[in-house]
Amino acid sequence: MPDDLRVQIQPLHELIRAMGLPLISHDGVEADDVLGCLAIKAAQAGFQVVISTGDKDMAQLVNEQIMLENTMSDTRMDVAGVVAKFGVKPEQIIDYLALIGDSVDNIPGVPKVGPKTAAKWLEQYGTIDNLLAHANEIKGKIGDNLRASIEQLVLSRQLATIQVDLALPYALDDLKKQAIDTARLTELLTQLGFSSWLKTLNQQPLVTTPVQASLVEDSLIPDYEAVLTQQQFDTWLHELMQAPVFAFDTETTSLDYMTAEIVGVSFAVTSGKAAYVPLAHDYPGVPEQLNRDQLLTALKPLLESPEHLKLGQNLKYDSHVLANHGIQLRGIAHDTMLASYVLNSTASRHNMDDLAKYYLGITTIAYESVTGKGVKQIGFADVPIEQATPYAAEDADITLRLHRVLQQKLSQHAKLHQLYTELEIPLISVLARIERNGVLLDTDMLAKQSLELSDQIIALERHAHDLAGQPFNLGSPKQIQDILYEQQKLPVLKKTPKGQPSTDESVLQELALSYPLPKAILDYRSLSKLKSTYIDKLPQQVDAKTGRIHTSYHQAVAATGRLSSSDPNLQNIPIRSEEGRKIRQAFIAPAGYQLVAADYSQIELRIMAHLSADAGLLHAFSAGLDVHKATAAEVFGVEPERVTQDLRRSAKAINFGLIYGMSSFGLAQQLGITRAQAQTYIDMYFDRYPGVKQYMDSTRELARTQGYVETLFGRRLYLPDINAKNAALRQYAERTAINAPMQGTAADIIKRAMLACDQWLTSTQSDAKMIMQVHDELVFEVAESVLDKSIATIRELMSSAAVLSVPLVVDIGVGANWEQAH
DNA sequence: GGGCGGTTATA
DNA sequence: GTATAACCGCCCG
């Protein structure tokens, strides 16, 4: 055993014990044999057994009760799976292995015989014994090899055979899972740096069911039905039409909402009972399914009816999928993902599997366990209906059960319930429309920019190599580190969290004042970022059918209540640098239309004014002053007209710092001043704006006593670390406590504005569309004929989305492209 | 291919 | 000092 492997064994054993998993260590026998013995013993006692291993030898143990689980692909192999993979039955695996040999296990095998030949022989002759009885029928060199190996094959078979009859001193009870030793496990995971597992560990289920040894069968047997006949479907449709609300889910061909097609749909009306209607499964021997188009036509009135209420998990996706088949989903009453998010936005994930575990204590069938994952993953249409049905029907059933639990919890918090019903639920359809609308992209312009940037990047690369005196990969921080700090001996100004000398932007900027190479690296980094992330990537993400870019907005990701955007992220399109801004020129309006960009001016500071009710701040906004200038005048004690650009810049940093819950340290870094100086600025600020000081103190206090903070509309953000002993954790929670009400209230307000704008657009059928949201900005594509009227309406709707004690000012720009509209 | 670290784009 | 998403390099199995 290599030394670096040897040292891992003991920590691994400790981890396993702390996890409550029984650990068996038995000298003098093969681990495979121990596994085999226990598996057989459990199977004989009537259990279903799953052996988790990548070892193909174990395939010889597979039978009706024993399966192999491959944790790399999250798939399980049964008898049919063994035949599919090896071409022989489980009971032939020993002979199969003996024939092909295995260098790792020192099984010699027959020369020139590989998997194909072995499977072919065994199919024909059944066993090695019978094969040898007919050995003279095998022609050629390979036949000679076989006949020469007769004696060796006896040994090979012994070596390949897993001993299942060892006398082991273990009872099945010894295999039961024990309780997790949370304290010990936390200690080990921290010490070993398993940060992701630490997070998982902290998300203990709300419902603590007695530990289910996977050996014990579940008592509740759900009634899941595959709907294959018209009669079955009619019965279900009738029930759905009568139901006050039903759970609904789709299975599709793709995760890409614009191209996904329906493979099947599932429904549930009562707990424990659900139907899966397969519609487009496609594999050899697939049974006859109901016709997809006809069935969807039959379902259309129900799905489009606002009176028939639906609930689901992430219904925005199902809404898109149905739209791909010409159905406009209406009557969205509940979404378990959003209920979970509103109840606790700091939970890291709101997917159904985790929710089921947390709220119901149920382990659901994982998607990957029916489709596999990675390269081996198959589409849902390729999944046999017998396997698809329990998975898909369970989705609808569990969603329904989750819904009941979540509603019960939401009903205990009037404000959260209102936020959920009146804001998040109606927003689903609005976001779906924005996503579907998409944005038009000038790909020719980006192609030109790409060529120009390529030249510049190559030149910068050459320049940097010259300065370094050797070629190196400018994209590798590790190599840059070596060049700057090892070879050129530049001073180390900052270290990464891992203790390596940092090469990030702030460091290179500082170094660039005295040395040439850091500047070249900075320029290279900024240009290659623009090229790879935006200029080259965006054109590839244009939808083939619509010719537009369709982002995904995530409604249950950001803890503060903000949306996030991905694939592509349209909320971080460059604007600050000259070259970056050019990318915005490629976001265009079609002929006859203009882009209208409307953003809230200083919304978070205005919210701070409102929440703190500070007289000075309220006055600044009510009088329509330049707030940074006003702050500068107050803090630096000069007349407003004497405020220089430099003073204004400092005041702006202070204002932003306040929103982020700053410390003097952070402000000092931002402004390049000493900590003492920064502290005097902050002291002066709080002296001039005492209401703000008071608000910050009381917010921190409130967070400490109740464990969460709220936005103006009652959205909650929990702060479990607010009373932590660890100062870093506690201070971080304090900064979040300060920031979340402001960032979150801004998010609530723009969501309200989005509902209002959508209401206006859909009710008037105006020739205008909402196409993007960037936290404090909404972008519209508006027909020139209705431009002026639309601008006025947008301004009115956004300004009145909330009533604060200061005006909500909206700045609006218009242009043929997004850059011009700013 | 997956996970993670380092870095950088936005509000 | 807040909140995100995504890229590349590197390491691992």
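Just so it is clear, none of the values below were taken in a lab; they were calculated from the coordinates. Note that the structure is a prediction, hence the values are computed from the model and not measured. We place every Cβ from the backbone using ideal geometry, glycine too, and count neighbours over all the protein chains shown.
Measuring from a point 7 Å past the Cα of A:Thr229 along Cα-to-C-beta, which residues in the range A:273-304 have an amide N at less than 15 Å?
It comes to A:288-290, nothing else.
In terms of the Cα gyration tensor, with a ≥ b ≥ c the square roots of its eigenvalues, is the range A:446-540 rounded because a/c is under 1.5, prolate because a/b exceeds b/c, or oblate?
prolate
Give the range of the longest stretch in chain A that excludes all GluC sites (Glu not before Pro) found in loop regions by DSSP and having at most 15 other beta-carbon atoms within 10 Å.
Here the longest run is A:308-822.
Have a look at A:Tyr125, A:Tyr600, A:Gln670 and report the one farthest towards the positive end of the charge dipole of chain A, computed about the Cα centre with Cβ charges (Lys/Arg +1, Asp/Glu -1).
A:Gln670
Taking the Cα centre of chain A as origin, work out the dipole magnitude from +1 charges on Lys and Arg Cβ and -1 charges on Asp and Glu Cβ, in debye rounded to 20.
With only Lys, Arg, Asp and Glu charged at Cβ, the dipole is about 2040 debye.
How many angstrom lie between the C-alpha centres of the range A:645-715 and the range A:428-470?
Spelled out, the Cα-based centre of one part sits 36 Å from the other.
Given DSSP loops and a limit of at most 15 other Cβ atoms within 10 Å, what is the longest stretch of chain A that contains no such chymotrypsin sites (Phe, Trp or Tyr not before Pro)? Present the calculation step by step, with values, prior to reporting the outcome.
Details: sites that count: A:Tyr170, A:Phe194.
It runs A:195-822.
If each Cα of the range A:23-175 is one equal point scatterer, what is log10 of I(q)/I(0) from the Debye formula at q = 0.11 Å⁻¹?
Each listed q corresponds, in turn, to -0.47.
What angle do you read, to the nearest 10 degrees and between 0 and 90, between the alpha-carbon axis of helix A:675-688 and the longest principal axis of chain A?
60 degrees
Per residue, what volume in Å³ does the convex hull of the Cα atoms of the range A:622-677 enclose?
80 Å³
Provide, as a two-decimal number, the C-alpha radius of gyration of the range A:400-470 over 2.2 N^0.38 Å, N being how many residues it has.
2.35
Not counting the cut sites, what is the longest span of chain A without trypsin sites (Lys or Arg not before Pro) that DSSP labels loop and that have at most 16 other Cβ atoms within 10 Å? Could you put the intermediate results ahead of the total?
Values: sites that count: A:Lys112, A:Lys139, A:Lys176, A:Lys177, A:Arg330, A:Arg349, A:Lys373, A:Lys489, A:Lys494, A:Lys498, A:Lys545, A:Arg576, A:Lys725.
Excluding the exposed sites themselves, the longest stretch runs over A:178-329.
Given the convex hull over the Cα atoms of chain A, what projected area results after averaging over all orientations, in nm²?
Computed as one quarter of the Cα hull surface, the answer is 44.1 nm².
Using 1/(1 + (r/R0)^6) with R0 = 41 angstrom and r between the beta carbons of A:Glu386 and A:Asp129, what's the FRET efficiency to the nearest 0.05?
0.70
Taking 0.36 nm per residue of separation and subtracting the Cα-Cα distance, what length does fully extending A:Val786 through A:Asp293 add? Mind showing how you got there, number by number?
Working: separation 493, 0.36 × 493 = 177.48 nm, distance 3.83 nm.
Going from the current span to full extension adds 173.6 nm.
What's the FRET efficiency of A:Ala80 with A:Glu641 using the Cβ-Cβ distance as r and R₀ = 60 Å, to the nearest 0.05? List each step's numbers first, then the result.
On the way: r = 84 Å, r/R0 = 1.40.
With a Förster radius of 60 Å, E is 0.10.
Quick check on my link table: of A:Lys478/A:Lys537; A:Lys316/A:Lys357; A:Lys489/A:Lys652, which ones sit more than 29 Å apart, alpha carbon to alpha carbon?
Distance filter (> 29 Å) returns A:Lys489/A:Lys652.
Looking at chain A only, what percent of DSSP beta bridges run antiparallel? Nearest 5 please.
75 percent
Full-extension gain between A:Gln470 and A:Asn572, please, as 0.36 nm times their residue separation minus the C-alpha to C-alpha distance.
Working: separation 102, 0.36 × 102 = 36.72 nm, distance 3.48 nm.
Computed gain between A:Gln470 and A:Asn572 is 33.2 nm.
Measure off 7 Å from each Cα along the Cα-to-Cβ vector at A:Leu201 and A:Ala31, then give the distance between these two points in nanometres to one decimal.
Using points 7 Å along Cα→Cβ, the separation is 2.2 nm.
Taking R0 as 41 Å, what's the FRET efficiency between A:Thr186 and A:Gln328 from their Cβ-Cβ distance, rounded to 0.05? Before the final figure, lay out each step's value.
Working: r = 49 Å, r/R0 = 1.20.
Computed FRET efficiency for A:Thr186 and A:Gln328 comes out at 0.25.
Does anyone have the angle between helix A:31-44 and the longest principal axis of chain A? Alpha-carbon axes, 0 to 90°, nearest 10?
Its long axis makes an angle of about 80 degrees.
Rounded to the nearest 500 deg cm²/dmol, what is the calculated helix-only ellipticity per residue at 222 nm for chain A, with -39500 (n - 2.57) per DSSP H run of length n ≥ 4?
-14500 deg cm²/dmol
Return the sequence-ordered ³J(HN,Hα) values of the range A:596-605 in whole Hz as given by the Karplus equation 6.51 cos²θ - 1.76 cosθ + 1.60 applied to θ = phi - 60°, using x for Gly and Pro.
10, 10, 10, 10, 6, 7, 6, 5, 5, 5
Given the options A:Tyr317, A:Thr182, A:Leu570, identify the residue whose Cα lies farthest towards the positive end of the charge dipole of chain A (+1 on Cβ of Lys, Arg; -1 on Cβ of Asp, Glu).
The Cα lying farthest towards the positive end belongs to A:Leu570.
Quick one: if you stick a label point 7 Å off each Cα along the C-beta vector at A:Ser698 and A:Gln488, how many nm between them?
Those two pseudo-labels are separated by 5.4 nm.
Over 10 Å intervals from 0, what percent of Cα-Cα pairs in the range A:60-143 sits in each interval?
17, 44, 30, 8, 1
Residue farthest toward the positive end of the dipole of the range A:707-822, with Cβ of Lys/Arg at +1 and Asp/Glu at -1: which of A:Gln820, A:Ile750, A:Ser790?
Checking the options against the dipole of the range A:707-822, the answer is A:Ile750.
With angles folded into 0 to 90 degrees, how steeply does helix A:690-706 sit against the dominant principal axis of chain A? Use alpha carbons for both and round to 10.
20 degrees
With no solvent and one equal point scatterer placed on each C-alpha of the range A:639-771, evaluate the Debye formula and give log10 I(q)/I(0) for q = 0.19, 0.22, 0.23 Å⁻¹, two decimals.
-1.08, -1.27, -1.33
Tell me, in nm to one decimal, what length is gained between A:Ser622 and A:Asn136 on full extension, where the rule is 0.36 nm per residue of separation less the Cα-Cα distance?
Difference between extended and current length: 164.8 nm.
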